[in-house]
Structures are given as structure tokens and as C-alpha cells.
Amino acid sequence: MVSRVIPVDVFDLVIFGGTGDLARRKILPGLYRRFMAGQMVAESRIIGAARADLTDESFRQQVREAIAEFVPKARQDATAIEAFLERIHYVAIDATGTNGWAALKALMRENVVRAFYFSVAPSLFGDIAQRLSENGIADAWSRIVVEKPFGRDLASAKALNEVLAKHFNETQIYRIDHYLGKETVQNLMAVRFANILFEPLWKAEYIDHVQITVAETVGVDGRGAYYDKSGAMRDMVQNHLMQLLCLIAMEPPYHFDPDAVRDEKLKVIRALKPVTHEDIVRGQYGGGKGEKSYVVHSENPASRTESYIALKVQISNWRWQGVPFYLRTGKRLRARASEIAITFKQPPHAIFDDASGWHENVLVIRLQPNEGMNLMVMIKEPGPGGMRLMQVPLDMSFADAIDDAEDVPDAYERLIMDVIRGNQTLFMRGDEVEAAWAWTDPIIQGWEARGDKPQTYDPGSSGPEDALMLMHRDGRRWREIRE
Ligand code: NAD
């Protein structure tokens, strides 16, 4: 099966922070891949805007180097790269001053989609929004894309929403959460709502529990000072894990339409029960054996910031009554693996005896590596050995379903194309972000007020010991973290 590529409208995309790390690693290489795929039509343009005093040519050289470093060699086509670079321009701009805004205005074209990617620190969002509108660079059809973190608590998220709302309508604001751009995450909605098979079972009556794991092997080296002010709860749970939880738990929207989907996600966030302190385990990776610990990486010997968190979350509504959602995420863990696992209950009456080898049905949605889904089902073990059961996966991996998995766009590519199409379904709405912080704030305030210290865990392990207990005391076990 070959994936279809539908070209998007002609656009001028301005990347504020075009010389930054995110632009270099993700946004610019991603746009090149969309250009290669024929989705970015040739008349479209990309305009880098940042502080450095560069010419078009010197910025193009930076883009050339970014493509060389971050696009697989097999996809690097010299002719295509040069054609792509012709679509690239640069404006030196001061987000907080007056320099560069007239030049940017002069460069923008009429009658094309105008999109502005704020790939800069959130403290600059307000300044840029204000200058775009005051200088008449953004119009009522323009879109802005804002990066994470969207606030560090409810008050700061509200302040950011208010500042953006002064210059843009909600329908123009695209708050990016790249987890929503992942193929599998979107497939979760297709599997749930385009099949009759799963939805009847998707409730407390048939589901025992849900596990969401986002495990990383990297530590915070290089960005320790930033991370130390954040921690796993703010950096991962409030946004990425919360979004995954919403897609699993939400009611079927009346239509696959941005507000219908986001309304349903919002209802889930609002139905989350407050988490008690017994249902949270925080961890911080230690060092030793040549490994540097979290406090060394963060350069803060007294740090109480968590690089790992596990929590048991409950949703107060009919569908999910009594079904725990166990969430965990951490750095310096044994493998880089992200997955959602939905464990179903036992059949109401067991006809096979205890020695038969029975296991629960589990639907595993893998986000990385090897995006795909597996449905673990029981069959009879082949052969004449009597009625023994064995668990086998019904494997739905995308690499097999699509001719050339390398051509599957990554999350950023997909989301940027959605911005150009004007489709906000996979972007967080302002009220969703605020509701997520409203749930997160008291949890963080609780441990800050008590002065809780995270538990140390070994680098390369599965996390702190107490996280195992979070499941064991409920008679359940975490799935193994493995690639
Ligand atoms: P960076 O520090 O590498 O780049 C910052 C960019 O902002 C540079 O291009 C710089 O010239 C520009 N800039 C700074 N001050 C400016 C000013 N006054 N006027 C005009 N331009 C100015 O940052 P980054 O890592 O690329 O991150 C950008 C945004 O993306 C941040 O909000 C960050 O939280 C978010 N983000 C980054 C990553 C990542 O992997 N790097 C991942 C997720 C989210």
C-alpha cells in the first residue's frame, strides 16, 4: 500500500527561531521531506527569522547542513535540495524590538496561506504576536504555531493564552504537541472509531487497566538547567501523557472535526480525579560506574526535581469507573520505548483449567520504536499436547502495511501540513491546556509543600523500586520496558 500525498495550498511559513535547535533538527528537515514528497508545492516559501545577522545564502547553507545531518542519506537528493533551498529566505529580526519587522512585512505575499511558527522561548510569544499584528503582517487568515512548554502552571498558561488572544482568535492558534502527530496516535482514533470490534469492549466492564509508558534512555545533560525548573510532571505528563490518556478515554466525538474531538478530550481531563500522594512515585536517576547522576547533569546538588514519575490516575465517569490508568515516564531508563497497553479482563467464566497457560488480551499501541499495534490473543498451542493455550500477537505494524516506511512523515511534518491545511484537530485548544494544568497544579503544590524528595534509581534500570509497588499492591505488574 502506497500512502497518498495530497499537496497543500501555497504558503509562506515564517519560522521565528529558524536558526535554533528545533528548527535545525525537526522543522527544516521535515519541510524538505514534504517538498520531496510533492506535498509542499514549489511556489511555497519558508522564511527563517532569528536574531543572527545572516543573508539568505548563509541561512540556506545552515539548512543544507541540517538536511545533511538529519535527513536519511537515501533521501538526500542534490537536485531536490537545491530546488528546496531556492524556496528559503531569511530575515534578521528582534522579537522584542523594531529591527527586521518592515523587512518581513515586505517579503510576505498576498493570497497565500501565512503561517508563523514560534520556535522560540515562550517568553517571546507575546512580543512576536503583538508585532505581527501591529505591523499588519498577520491577517485574520494567518495561523500561528506555538511550541511547548505552554506555561509551567495554570496561572502562566492562562497568561500566555490571554496574551495570544489579544492578537489572534483561537481558530488561528496551533499549540503543538508532537505526540499527537505520531502515526500510531492518530491510528488509535481510527482503530477505536472506524471499527465495530473494539468500542463495545472499551469500558470498565471489559477493561482491567491501562498502562502508558514513555521511557527514555537519555539523561538531561546539555539541558539540565532548563529541565531542573520543569521535571517529568510538567515536561511530559501534563502534555504528552495526558493527551494519550485523553485519546484512549474520550467518548466517540460526533464527527472527526477539531472542536468535536477537543471537546471530548476536555471532558476527560475535567473528569480526572485528584491524585493522592500515595498514588505517585517520583524518582531521580543516580550515578556511579562512570555514569553522571541527575544532580551532576542539572548542576544542582540539592535538586528535588523528578526525572521519573509514575502515577495511578482514575477517571470519574461511567465508562471508566474503577479502571486505573497507570502512567510512567522517565529519563535514563533501560530502553527507549513508548507504548500504551490496554489490558482486558478475564472471560466471565473459565472453561480451561489453571494450567492451560491462559493470559489476558492486551492491545499494545507502540509509539516508538517501530510504531504499530499488537493485539495479544489466546489460541490453542499447536500440536497433540492437549488443550494448552498460547498467546500470539495480531501484528499491525506500519512498516509492513506501507511499502516504504521511510516515507511516512514524522510528527512535525504531519502537524505542519495540518497547519497549512487549517486543521486544528491534532492541536491543543487553550481550555484543554488550562484544564490539564488545573489538574496538575495541586499535585505539584502538594509535593512542594511537603518538601518531598524523589527516590534515587539506577541509570539503565526500570525506575524506582516504589514504582513497582504502585502496581503490585493492586495485584498488577508493569510491562517490561524494552525496545
Ligand atoms: P534555541 O535556543 O536553540 O533557539 C532559539 C531561537 O530563538 C534562535 O533561533 C534564536 O535566534 C531565536 N531568538 C532568541 N531570542 C530572540 C529574539 N529576541 N529575537 C528573535 N529571535 C530570537 O531553542 P530551541 O531548542 O530551538 O527551542 C525553541 C522552542 O521550541 C522553545 O520554546 C522550546 O521549548 C521548544 N522545544 C524545543 C525542542 C527541541 O528539541 N529543541 C523540543 C520541544 C520544544
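How big, in percent, is the set of alpha carbon pairs in the chain lying more than 41 Å apart? Roughly 22 percent, rounded to a whole number. Expressed as a fraction of 2.2 N^0.38 Å, the C-alpha radius of gyration for the range 419-483 is 1.68. Computed over neighbours whose Cβ is under 13 Å from that of residue 143, the net charge equals -2, Lys and Arg +1, Asp and Glu -1. Considering all C-alpha pairs of the range 337-382, those separated by over 16 Å amount to 49%. Remark: relative contact order (the range 313-472) = 17 percent; criterion is Cα-Cα distance under 8 angstrom and separation of 6 or more residues.
Length, then width, then depth: along the principal axes, the Cα atoms of the range 1-113 run 51, 32, 21 Å. What separates the Cα centres of the range 190-261 and the range 105-143 is a distance of 31 Å. Here's how it looks for residue 14: its modeled amide H is under 5 Å from those of 47, 115, 116, 117, which are all 5 or more places away or on a different chain.
Using a probe of 1.4 Å, the accessible surface attributed to residue 120 totals some 30 Å² when neighbouring protein chains are kept in position. In the range 316-367, the inverse of the mean reciprocal separation of distinct Cα atoms equals 14.3 Å; this is its Kirkwood hydrodynamic radius.
For residue 73, list the aspartates and glutamates whose Cα falls under 17 Å from its own Cα; do not include residues on the same chain fewer than 8 positions away. Qualifying aspartates and glutamates at Cα under 17 Å: 65, 82, 404, 406, 407, 410.
Which of the lysines could a cross-linker bridge to residue 166, judged by Cα under 16 Å and excluding same-chain residues fewer than eight apart? In chain and number order, the partners are 158. Of the two radii for the range 364-483, the radius of gyration is 1.08 times the Kirkwood radius, both from the alpha carbons; that is the Rg over Rh value. What the chain shows is 45 Å² of accessible area per residue, with the surface traced by a 1.4 Å probe over protein heavy atoms. Structural descriptor for the chain: relative contact order 18 percent, calculated from alpha carbon pairs under 8 angstrom and at least 6 residues apart. Taking the charge dipole of the chain about its Cα centre, with +1 at Lys and Arg Cβ atoms and -1 at Asp and Glu Cβ atoms, the residue from 266, 76, 411 reaching farthest to the positive side is 266. Could you check how much of the accessible area of the chain is carbon and sulfur, as a whole percent, using a 1.4 Å probe? Answer for the chain is 52 percent, counting heavy atoms of protein chains only.
How large is the Kirkwood hydrodynamic radius of the range 150-235, counting all unique pairs of alpha carbons, in Å?
17.1 Å
Calculated on the Cα set of the range 50-201, radius of gyration then Dmax: 19.3, 59 Å. Derived value for the range 271-337: Kirkwood hydrodynamic radius 14.0 Å. Basis is the mean of 1/r over every pair of different alpha-carbon atoms. A straight chain from residue 270 to residue 387 at 0.36 nm per residue would run longer than the Cα-Cα distance by 37.4 nm. A viscosity of 1.306 mPa s and a temperature of 10 °C, combined with the Kirkwood radius over C-alpha pairs in the Stokes-Einstein formula, give the range 289-430 a diffusion coefficient of 79 µm²/s. Nearest 10 degrees is fine. How inclined is helix 411-421 to the longest principal axis of the chain, computing both from alpha carbons? It is inclined by approximately 60 degrees. Pairs of alpha carbons in the range 184-228 separated by more than 14 Å make up 70% of all such pairs. The residues packed around residue 280, meaning those with a beta-carbon under 12 Å from its beta-carbon, carry a net charge of -1 if Lys and Arg are +1 and Asp and Glu are -1. For residue 219, the amide hydrogen comes within under 5 Å of the amide hydrogens of 332, counting only partners 5 or more places away or on other chains and with H modelled in the peptide plane. Per the Debye calculation on the range 257-369 with a single equal scatterer at every Cα and no solvent contribution, log₁₀ I(q)/I(0) for q = 0.11 Å⁻¹ amounts to -0.62. Largest first, the extents of the alpha carbon coordinates of the range 30-95 on the three principal axes equal 36, 24, 18 Å. Distance distribution P(r), the range 215-275, all Cα-Cα pairs, bin width 10 angstrom from 0: 19, 39, 23, 17, 2 percent. Annotation note: chymotrypsin sites (Phe, Trp or Tyr not before Pro) in the range 120-190 located in DSSP loop regions with a Cβ neighbour count of at most 14 within 10 Å are 141.
In the chain, helices alone account for a calculated mean residue ellipticity at 222 nm of -9000 deg cm²/dmol, with every DSSP H run of four or more residues adding -39,500 (n - 2.57). Here r is the Cβ-Cβ distance between residue 56 and residue 78 and R0 is 22 Å; the resulting FRET efficiency, rounded to 0.05, is 0.70.
The spacing between the range 356-370 and the range 54-84, judged by their C-alpha centroids, is 40 Å.
Please work out whether the range 159-294 counts as rounded, prolate or oblate from its C-alpha gyration tensor, where a ≥ b ≥ c are the square roots of the eigenvalues and a/c under 1.5 means rounded, while otherwise a/b larger than b/c means prolate and anything else oblate? The shape class here is oblate.
The values are calculated or read from the model by the stated rules, or taken from the named source; none is laboratory data. Owing to the predicted nature of the structure, the values given are computational and were not obtained by experimental measurement. Don't worry about glycine lacking a Cβ; one is built from the backbone with ideal geometry, like all the others, and counts go over all protein chains shown. Just so you know, the surface numbers come from the protein's heavy atoms only, side chains and all, with ligands and any DNA or RNA stripped out. Shrake-Rupley method; radii C 1.70, N 1.55, O 1.52, S 1.80 Å.
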